[in-house]
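The values are calculated or read from the model by the stated rules, or taken from the named source; none is laboratory data. Predicted, not measured: the structure shown is a model, and the values here were computed from it. All Cβ positions, glycine included, derive from the backbone under ideal geometry; neighbour counts span all protein chains shown.
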Amino acid sequence: MKQGLATELAPAPAVVLPHFAFSALSFLFLSMFTILSANDLTGHFFNGKILAITHFATLGWISMVIFGALYQLIPVVMEVALYSERLAKINFTLFATGIIVLVYAFWVNNYGMPLLIAATVLLIAIILFAINIILTAKSSKKWNIESSFIVASVIWLLTTAILGFLISANFKHTFLPAAHLEYLKAHAHAGMVGWFLLLIIGVGAVLIPMFFLSHNLNRKRLQSAFYLINSGLLIYFIDTVFIHLNIFIVPVLLVAAGIIFFMLFVYQSYKKRVRKKLDVSLKHTVLSIILLILPILLAAFISTAPNSISGSFMLRVTIIYGMSILLGFVTSLILGQAYKTLPFILWLQKYQHLVGKYKTPLPKDLYSEKILEAQFWVYIFTISTLFAGVLINLTWLIQLGAYLLLFTAILYNINIYKIFTHKVKKENLEKL
């Protein structure tokens, strides 16, 4: 184990790196699409442009980098090698292809064969991913609460993909008994809460204490978070898809309670940290945990809001609710943790064989900290401007937020490019 991460069981860089590259480019194109769709962000969320942006965010920007990071981090969490690296490479190709076709289908409002083809390819890719992760977990001799979070998140991802495929097929041949919007809500929450949140908690429970250098933490809070979040989401999913009683407040309370237990675990880790000074990437992580409060409050508001509130305002609140999860909590986490994961992977590839012979640079020397610092502050202005613009229905403010999002993506991509293109100059290294 080196620098706190297991390396002997990690997959080849060729398995992991394409996911980070595709994700970074997706973030760039996602921000461009947002600029082109500023007028649509205050309308109904069942809109081709918004659906294209949402799926570019959830699949291209977020899920793609999660796939890559998870392949690298499985040795840390489960102490076992990935079941099949070849399957992971096949999965990347299918997943990337499906994302591109899906975003195109939504963007041009073609809900026919292109959408169904994309949904089918994505479902196959996610099934292969699930098989790879579940068989990996099955071969692990170490099972802990973090493993439970990861496996549960993959099951919810598979559920999300199956429901998404059924919705896509229903556009072509109607067979689902309820309205599309009901299934879309279940599809969205299975993805955002079941896939993103559970996985982030599972992996974060390992990495956050590691990067904070925290010890002797109360892990029972993680068990409480696991059962509360899964129970709340399962109740919501069954009700939305099958029963239709609209008991939204009960799942909200259960999931919120689970998130609070996780936040208490993070706070405990923060208080017990040995590393008192936080670098910028860890500031991004702390910010993401703080931003997690916003969707909790918005979900509570949406579930209890009186009928007297205007429908257009509630639609904008719903848009902000989704944005607070995707562009707030999850994006901030990626913008920080990518600098902990990707530089380390490239550093191992380029310098591991030189350790003990030369004085090598650190992983953080592979990127520009000044650019990362600028990225952090631009990102804060981005979400503040974007969320405020949607809430008060000001198109020029949304447009400004979208351009700031593009600036954030450019800064992030510059640093990712620096990491990928870092050259080893042996002649400049000092011999030990």
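Could you check, for region 341-364, whether at least one of its residues is buried (at least 17 other Cβ atoms within 10 Å of the Cβ), within 28 Å of residue 263 (Cβ to Cβ), among the hydroxyl-bearing types (Ser, Thr, Tyr) and under 20 Å from the mean Cα position of the chain (by Cα)? Looking for residues that are buried (at least 17 other Cβ atoms within 10 Å of the Cβ), within 28 Å of residue 263 (Cβ to Cβ), among the hydroxyl-bearing types (Ser, Thr, Tyr) and under 20 Å from the mean Cα position of the chain (by Cα), one finds at least one in region 341-364, hence yes. Among the residues of region 131-150, those that are surrounded by fewer than 18 Cβ atoms within 10 Å (Cβ to Cβ) and either of a type in the set (D, E, K, R) or under 19 Å from the mean Cα position of the chain (by Cα) (or both) comprise 138, 141, 142.
Scanning region 287-302 for residues that are part of a helix (DSSP H, G or I) and either in contact with a helix residue (DSSP H, G or I) (Cβ under 7 Å, 6 or more places away or on another chain) or touching a residue at least 60 places away in the same chain (Cβ under 8 Å) (or both) returns 287, 288, 289, 291, 294, 295, 296, 298, 299, 300, 301, 302. Tell me, yes or no, whether region 84-96 has at least one residue that is more than 28 Å from residue 13 (Cα to Cα), free of Cβ contacts under 8 Å to residues at least 60 places away in the same chain and either of a type in the set (Gly, Ala, Ser) or touching a Ser or Thr at 6+ places or on another chain (Cβ under 9 Å) (or both). Within region 84-96, none of the residues are more than 28 Å from residue 13 (Cα to Cα), free of Cβ contacts under 8 Å to residues at least 60 places away in the same chain and either of a type in the set (Gly, Ala, Ser) or touching a Ser or Thr at 6+ places or on another chain (Cβ under 9 Å) (or both). Taken together, 322, 328 contain a single residue that is modelled with pLDDT of 95 or more and surrounded by 15 or more Cβ atoms within 10 Å (Cβ to Cβ), which is 328. Kindly evaluate residue 250 against the criterion of being of a type in the set (A, V, I, L, M) and surrounded by fewer than 18 Cβ atoms within 10 Å (Cβ to Cβ). Here the answer is yes, as residue 250 does meet what is asked.
In the set (1) in contact with a Phe, Trp or Tyr (Cβ under 9 Å, 6 or more places away or on another chain); (2) touching a residue at least 60 places away in the same chain (Cβ under 8 Å); (3) closer than 30 Å to residue 105 by Cβ, the condition left unmet by residue 169 is number (2).
Any residue at all in region 125-141 that is under 19 Å from residue 57 (Cβ atoms) and either among the small types (Gly, Ala, Ser) or touching a Lys or Arg at 6+ places or on another chain (Cβ under 7 Å) (or both)? Looking for residues that are under 19 Å from residue 57 (Cβ atoms) and either among the small types (Gly, Ala, Ser) or touching a Lys or Arg at 6+ places or on another chain (Cβ under 7 Å) (or both), one finds at least one in region 125-141, hence yes. Being surrounded by fewer than 21 Cβ atoms within 10 Å (Cβ to Cβ), more than 23 Å from residue 82 (Cβ to Cβ) and out of contact with any Ser or Thr (no Cβ under 8 Å at 6 or more places or on another chain) is true of residue 162. Within region 66-116, the residues that satisfy the criterion of being of a type in the set (Gly, Ala, Ser) and touching a Leu at 6+ places or on another chain (Cβ under 9 Å) are 68, 69, 81, 84, 88, 98, 105. Against the test of being outside any helix (DSSP H, G or I), without any contact (Cβ under 8 Å) to a residue 60 or more places away in the chain and within 23 Å of the chain's Cα centre (by Cα), the options 217, 278 yield a single qualifying residue, 278.
Listed by position, the helices (runs of 4 or more DSSP H) enclosed by region 45-111 that each have at least 3 residues that are surrounded by fewer than 18 Cβ atoms within 10 Å (Cβ to Cβ) are 85-107.
Taking residues in region 225-250 that are within 18 Å of residue 163 (Cβ to Cβ) and at pLDDT 95 or above, and partners anywhere that are among the hydroxyl-bearing types (Ser, Thr, Tyr) and crowded, with 18+ Cβ neighbours inside 10 Å, the pairs with Cβ atoms closer than 8 Å and at least 6 places apart or on different chains are 237/159.
Every residue, every condition in (1) on the phi > 0 side of the Ramachandran plot; (2) of a type in the set (A, V, I, L, M, F, W, C); (3) touching a Gly at 6+ places or on another chain (Cβ under 6 Å), yes or no:
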{"site": "82", "(1), (2), (3)": "no, yes, no"}
{"site": "94", "(1), (2), (3)": "no, yes, no"}
{"site": "99", "(1), (2), (3)": "no, yes, yes"}
{"site": "113", "(1), (2), (3)": "no, yes, no"}
{"site": "122", "(1), (2), (3)": "no, yes, yes"}
{"site": "133", "(1), (2), (3)": "no, yes, no"}
{"site": "144", "(1), (2), (3)": "no, no, no"}
